[in-house]
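The values are calculated or read from the model by the stated rules, or taken from the named source; none is laboratory data. Since we're looking at a predicted model, the values are computed, not measured. So basically every Cβ, Gly included, is an ideal-geometry build from the backbone, and we count neighbours across all protein chains shown. Keep in mind that these areas ignore ligands, DNA and RNA; they rest on the heavy atoms of the full protein, side chains included. Shrake-Rupley method; radii C 1.70, N 1.55, O 1.52, S 1.80 Å.
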Protein chains: 2
Amino acid sequence: MASNAPSFSPLYRQIKSLIVQALESGEWRPGEAIPSEQELAARFGVSQGTVRKAVDELAAENVLERKQGKGTFVVSHHDPRQFFRFLRLVPDDGSLTQPQSVPLDCWRAKAGQEAARVLQIPVGDPIIILRRVLKFSGKPVVLDEIYLPGEVFEGLTLDTLKEWKGSLYSFFETRFGVRMLRAEERIRAVAADRMAAETLGVKEGTPLLSVERVTYTYNDRPVEWRRGRYLTTQYHYHNELT
Amino acid sequence: MASNAPSFSPLYRQIKSLIVQALESGEWRPGEAIPSEQELAARFGVSQGTVRKAVDELAAENVLERKQGKGTFVVSHHDPRQFFRFLRLVPDDGSLTQPQSVPLDCWRAKAGQEAARVLQIPVGDPIIILRRVLKFSGKPVVLDEIYLPGEVFEGLTLDTLKEWKGSLYSFFETRFGVRMLRAEERIRAVAADRMAAETLGVKEGTPLLSVERVTYTYNDRPVEWRRGRYLTTQYHYHNELT
DNA sequence: CAGTGGTCTAGACCACCTC
DNA sequence: AGGTGGTCTAGACCACTGG
């Protein structure tokens, strides 16, 4: 069989890997500036243009952010602009209100077949299951059930979660050093079960958006699996196709 | 009030505009190669690197496609790979079958408030309304209702549409010279009305994905408005968040 | 082989931010 | 003024395609 491995790796990709390694190791932390292109070029022994191309790709992947005149910064989920990066639900009238996350419960379990496959861990490994509601202007709109690998999120409790002001991903970033970089979603229409109906304040059977998400960190490692139930009477899932 | 207009436009963006102009004018047709970077650089009186950066952006926007050793080509909806560019519905089991489009009916009307606003045409202007079904392996999965500005799609008939083998957008591209470049979608969960239920072979009230799409051509000009009803029991809407 | 896009370099200058 | 990223140039060489 033919292999699809690239026959050749350009220098700027190798530099890119080195930068990612440094990010992964925590050498530069979220929100901070990384060294200037000149410094990186000297450090890696290449020209500035080559560093530039590596950084360009990482900026396109939302890992780094360039600010002219100031420097290049590590993207952080603390940045309010990152809030809607993974949440594509917006009000029909276009008003921009920051939703509030309300944790419901949180317990330990062992990974079953499906969770193990999705999170790429052995069956029976510890996982943490978390349920929460997202409220827009005080009204519940989203019910999330979140599965996390226990090893990565060691020590997560409902109480620490309740104290947190801000997004779940900013919480994960500071408390567990886990940076969510990209995600894949599978979306369907389903009927509300009793649980979802009660939580969202609608009748059982109401059509809801089912949004199943797998979120990845460095090296395409899955670190979160969640299933959301979105009430879409006054909100919609917005997507840009390019 | 402060203006958000850019205070300065780099050379490569001006070159990009010139390339887009040439594409728009039909100087280079879909599927064809555009002149080499060297030739373009000579024609516009800039260095190859500047042309390169302009082409890079157009390639990132899926307007052009680079093929090493061969040249740079105008993306065409005839390319089978473009089929799923705007259709994010995939089977749960991952099998890749090309769906078949079955036109149902097609009639003329005058634009109402909403259609006029979305398509950015005056109220009362002629529009064409088109309904069709998408079948996967012979089974109806999507019901689309499509609104088109009559001026652009002058002369569209159900019969010519029925003869066409291929995607709707490849039809639009060859028959009307309209190239769909990007789209925005609003997704919700709704209950199947009688029409949708009958067409898709499900009970009234079955949860369906409602996908409302506005599609744009050059200069961000809207040229299509459609509302789809997706049956998502064995298929799901796939989305990548980056 | 010649022609295409892809990479890499070195250097100059511009736009923006901060002190 | 001095630093950052952003643009532009010119030239060399590499990888891939097709005759």
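Of everything listed in (1) without any contact (Cβ under 8 Å) to a residue 24 or more places away in the chain; (2) not in a loop (DSSP other than H, G, I, E, B), the single unmet condition for A:Ser7 is (2).
Mind checking whether some residue in the range A:39-56 is away from DNA strand C (no atom under 16 Å from the Cβ), over 21 Å from A:Gly228 (Cα atoms) and of a type in the set (Gly, Ala, Ser)? There is no residue in the range A:39-56 that is away from DNA strand C (no atom under 16 Å from the Cβ), over 21 Å from A:Gly228 (Cα atoms) and of a type in the set (Gly, Ala, Ser). The condition (being modelled with pLDDT of 95 or more, in the same structural domain as A:Gly228 (by TED's automatic domain parsing) and within 21 Å of the chain's Cα centre (by Cα)) is satisfied by just one residue among A:Leu64, A:Leu23, A:Leu87, A:Leu58: A:Leu87.
Of the set (1) within 16 Å of DNA strand C (Cβ to nearest atom); (2) assigned to a helix (DSSP H, G or I), all apply to B:Phe73 but (2). Being within 20 Å of B:Ile127 (Cα to Cα) and open to solvent by 60 Å² or more (accessible area, probe 1.4 Å) is the filter; apply it to the range B:158-173 and report the residue that is nearest to the chain's Cα centre (by Cα). Among those that are within 20 Å of B:Ile127 (Cα to Cα) and open to solvent by 60 Å² or more (accessible area, probe 1.4 Å), it is B:Lys162. In the range A:220-242, which residues are out of contact with any Phe, Trp or Tyr (no Cβ under 9 Å at 6 or more places or on another chain) and more than 10 Å from every other protein chain (Cβ to nearest Cβ)? Correct list: A:Asp220, A:Arg221, A:Gly228.
Just a yes or no: is a residue in the range A:167-183 assigned to a strand (DSSP E or B), closer than 18 Å to A:Glu114 by Cα and of a type outside the set (Phe, Trp, Tyr)? Break it down stepwise before answering.
Going through the range A:167-183, the residues assigned to a strand (DSSP E or B) turn out to be A:182-183.
Those still in the list that are closer than 18 Å to A:Glu114 by Cα too: A:183.
Cutting the leftovers down to of a type outside the set (Phe, Trp, Tyr) gives us A:183.
Yes - at least one qualifying residue is present in the range A:167-183.
Of all the numbered requirements in (1) open to solvent by 90 Å² or more (accessible area, probe 1.4 Å); (2) in contact (Cβ under 8 Å) with a residue 12 or more places away in the chain; (3) within 16 Å of DNA strand D (Cβ to nearest atom), B:Arg108 misses one, and that requirement is (3).
Restricting attention to the range B:70-102, which residues are among the β-branched types (Val, Ile, Thr), touching a Phe, Trp or Tyr at 6+ places or on another chain (Cβ under 9 Å) and more than 14 Å from chain A (Cβ to nearest Cβ)?
Filtering the range B:70-102 down to residues among the β-branched types (Val, Ile, Thr) leaves B:72, B:74-75, B:90, B:97, B:102.
After this cut, where a residue has to be touching a Phe, Trp or Tyr at 6+ places or on another chain (Cβ under 9 Å) as well, the list is B:74, B:90, B:97.
B:Val74, B:Thr97, listed by residue number.
From the list A:Asp125, A:Asp79, A:Asp105, A:Asp92, the one residue that fits, being of a type outside the set (Phe, Trp, Tyr), within 16 Å of DNA strand C (Cβ to nearest atom) and modelled with pLDDT of 95 or more, is A:Asp79.
Which ones in the range B:16-29 are open to solvent by less than 50 Å² (accessible area, probe 1.4 Å) and not in a helix (DSSP H, G or I)? Before the answer, list the steps.
Just the residues of the range B:16-29 that are open to solvent by less than 50 Å² (accessible area, probe 1.4 Å), to begin with: B:16, B:19-20, B:22-23, B:26, B:28.
Residues satisfying the conditions are B:Gly26, B:Trp28.
Within the range B:154-173, the set of residues being over 13 Å from B:Arg226 (Cβ atoms) and of a type in the set (Phe, Trp, Tyr) comprises B:Trp164, B:Phe171. Checked against (1) at pLDDT below 95; (2) open to solvent by less than 80 Å² (accessible area, probe 1.4 Å), A:Ser3 meets all criteria but (2). No other residue among A:Glu61, A:Glu32 is open to solvent by 70 Å² or more (accessible area, probe 1.4 Å) and away from DNA strand D (no atom under 14 Å from the Cβ) apart from A:Glu61. Entry remark, the range B:125-138: residues being without any contact (Cβ under 8 Å) to a residue 60 or more places away in the chain and part of a strand (DSSP E or B) number 9 in total. Taking the criterion of being more than 30 Å from A:Ala22 (Cβ to Cβ), hydroxyl-bearing (Ser, Thr, Tyr) and open to solvent by less than 80 Å² (accessible area, probe 1.4 Å), the residues of the range A:186-242 that qualify are A:Thr199, A:Thr206, A:Ser210, A:Tyr230, A:Thr232, A:Tyr235, A:Tyr237.
Conditions tested, residue by residue: (1) more than 7 Å from chain B (Cβ to nearest Cβ); (2) under 22 Å from A:Gln100 (Cβ atoms).
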{"residue": "A:Phe171", "(1), (2)": "yes, yes"}
{"residue": "A:Thr174", "(1), (2)": "yes, yes"}
{"residue": "A:Ala183", "(1), (2)": "no, yes"}
{"residue": "A:Ile187", "(1), (2)": "no, no"}
{"residue": "A:Ala196", "(1), (2)": "yes, yes"}
{"residue": "A:Lys203", "(1), (2)": "yes, no"}
{"residue": "A:Leu209", "(1), (2)": "no, yes"}
{"residue": "A:Tyr218", "(1), (2)": "yes, no"}
